[in-house]
Structure formats: C-alpha cells, structure tokens
Amino acid sequence: MSREIRITPSILNADFSRLNEEIDRIAAVSDLLHLDVMDDVFVPNFTFDFEAASKIIKESSLPVDAHLMVANVDSIAVQYAEIGCTSVTIHAEATANIPQTLRNIRAAGSRSSLGIKPNTSIDDYADCLELVDMFLIMTVEPGFGGQKFMENMMDKVRRTRELIGDRDIWLQVDGGVSMQTIEIALEAGADTFVVGSAVFSASDPAQMVVDIREFATGKSSL
Ligand code: DX5
Ligand code: ZN
C-alpha cells in the first residue's frame, strides 16, 4: 500500500482555556490542526464564530484544516480560505452550490474539501472529483468529540478510494479515530486522520500523535 499518511489532530476536546498552548504541544509532530467550526444549526453544538476561529487560525503555530459544520456555508467558506487555512471542508449537506464554493475555496488559495455525513452517499458526489483536493468521510455523527468510531463507514471509505483512483485527492476520516481504529480505516483506503479525544485525553498528546503515526506508517508499508 505504502501510502503517505497525515495526522490532523482536532482540538475539539482540548482545553479551550489555553488553546494556543494545546496547539503548541502537538504542532511539531502533526501535519495540520483540524479546527471544528460548529454553528449549533447544522450540528447541535457550537464552537467558534468566524471572529474567534480566525483568531485561532492567525495565532496557530500549525497550519489549519478547517472543518466547517455550518449551515449555508457557501459565503463563509471563502473567508476561511482567505485568512490562510491550508484546507477548507464544506459539508455536502450544507451547501447550496457545491461546485462553485469548491472553486471559490481553491481560487482563494486553499485546498478544497467536501465533507460527507454518515447517512450521505459518496456516489452522489462523484462529479466533484475534479473540484476537490480532499474528501472528509465522517466516522461519527458530526457535533461532538469522544464518540464511537462507526466501522460501518468503511465501505464508503473503500468506495471513495475507488472513485479517487490515481488522482491527488486526500481521503480523511473524522471521528473516533484512535490506535485501536486507525488500522481498519487505513486498510479501507484513508490516508488523512483526524484524532481528537485519543490525543488530548492522553497524558502526552504529542507522544500519542507520534505513536499513532508510527503505527499507521508501519501498517501502510506492508
Ligand atoms: C466531530 C468533529 C471531529 C471530532 C473528532 O463532529 O468533526 O473532528 O472532533 O474527535 P474524536 O477524535 O474525539 O472523535
Ligand atoms: Zn472534524
């Protein structure tokens, strides 16, 4: 398989009272910071409005992968690209004009990414293959960290890998990923892994990122 893998820790379960320090703890060993933006409309939880999120993004010592769990995301998505996010994920279920918004994100200089909730089929979005730089396959119902990994999403991950073919599109899984679940996600075809509570509940978050990466890299080169 020997696929390059990426670890993109989520700070959703980090200590919000000292976010910059929490980010600094894992920055040196992580590929991107996964920033979960929730509006309490698209998902039943709230994390950051654009003002708070842009402060985190500007101060972050790690480039940011913004995961926008926001209704009517088309207009705000470009703003996340414009303030310098490396990647911006919009949800297929929250977007009035997916192709145009993905194009706008790229035009603003970020990698474009399409998020797919558990009950959403990936085949409905096969026509986006030329417009995305990443697919985010949710392996929990979006809204909260610390949930159980949904193994029944692996068929969708396999199908997404099949659709990607030899295109340079990252395949991210998000939700319940840990040392115990990353292998089945890797085997199904994922190459980019959001790890939230498994990292920030560890006594040494940075070491957990290193261990998960080493484990996954070892498995991916079999
Ligand atoms: C859930 C978020 C995930 C979550 C991952 O809606 O999109 O990024 O924070 O956290 P864990 O790894 O704890 O499931
Ligand atoms: Zn997320």
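The values are calculated or read from the model by the stated rules, or taken from the named source; none is laboratory data. None of these values were measured; they are calculated from a predicted model. Neighbour counts are summed over all protein chains in view; Cβ atoms, including those assigned to glycine, are modelled from backbone coordinates with ideal geometry. Ligands, DNA and RNA are stripped out before the accessible areas are found, and what is left, the full protein with its side chains, is counted by its heavy atoms. Shrake-Rupley method; radii C 1.70, N 1.55, O 1.52, S 1.80 Å.
Yes or no, residue by residue, for (1) without any contact (Cβ under 8 Å) to a residue 60 or more places away in the chain; (2) away from ligand 2 (no atom under 15 Å from the Cβ); (3) part of a helix (DSSP H, G or I):
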{"position": "Ser17", "(1), (2), (3)": "yes, yes, yes"}
{"position": "Asn20", "(1), (2), (3)": "yes, yes, yes"}
{"position": "Val29", "(1), (2), (3)": "no, yes, no"}
{"position": "Phe48", "(1), (2), (3)": "yes, no, no"}
{"position": "Ala53", "(1), (2), (3)": "yes, no, yes"}
{"position": "Ile76", "(1), (2), (3)": "yes, yes, yes"}
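Residues in the range 55-74 that are more than 17 Å from the chain's Cα centre (by Cα), assigned to a helix (DSSP H, G or I) and closer than 18 Å to Pro9 by Cβ: Glu59 only.
Residues in the range 95-113 that are more than 13 Å from ligand 1 (Cβ to nearest atom), modelled with pLDDT of 95 or more and in contact with a strand residue (DSSP E or B) (Cβ under 9 Å, 6 or more places away or on another chain): Ile98, Thr101, Leu102, Arg103, Asn104, Ile105, Arg106, Ala108, Ser110, Arg111, Ser112.
Once the range 50-85 is narrowed to residues that are open to solvent by less than 10 Å² (accessible area, probe 1.4 Å), small (Gly, Ala, Ser) and within 15 Å of ligand 1 (Cβ to nearest atom), the residue that is nearest to His34 (Cα to Cα) is Ala66.
Name the single residue that is farthest from ligand 1 (Cβ to nearest atom) among those in the range 33-42 being surrounded by fewer than 21 Cβ atoms within 10 Å (Cβ to Cβ) and either on the phi > 0 side of the Ramachandran plot or in contact (Cβ under 8 Å) with a residue 40 or more places away in the chain (or both). Selected residue: Asp40. Looking across the range 177-199, the residues that are within 13 Å of ligand 1 (Cβ to nearest atom) and either touching a strand residue (DSSP E or B) at 6+ places or on another chain (Cβ under 7 Å) or open to solvent by less than 30 Å² (accessible area, probe 1.4 Å) (or both) come down to Val177, Ser178, Thr181, Ile182, Ala185, Thr192, Phe193, Val194, Val195, Gly196, Ala198, Val199. Looking at Leu102, Leu129, can you tell me which residue is over 13 Å from the mean Cα position of the chain (by Cα) and either surrounded by fewer than 18 Cβ atoms within 10 Å (Cβ to Cβ) or among the hydroxyl-bearing types (Ser, Thr, Tyr) (or both)? Within the list Leu102, Leu129, the selection yields Leu129.
Is it true that Arg167 is more than 16 Å from ligand 2 (Cβ to nearest atom), touching a helix residue (DSSP H, G or I) at 6+ places or on another chain (Cβ under 7 Å) and of a type outside the set (A, V, I, L, M, F, W, C)? Criteria not met by Arg167. The condition (being touching a Pro at 6+ places or on another chain (Cβ under 8 Å), under 14 Å from Ala190 (Cα atoms), of a type outside the set (D, E, K, R) and open to solvent by 10 Å² or more (accessible area, probe 1.4 Å)) is satisfied by just one residue among Met138, Met153: Met153.
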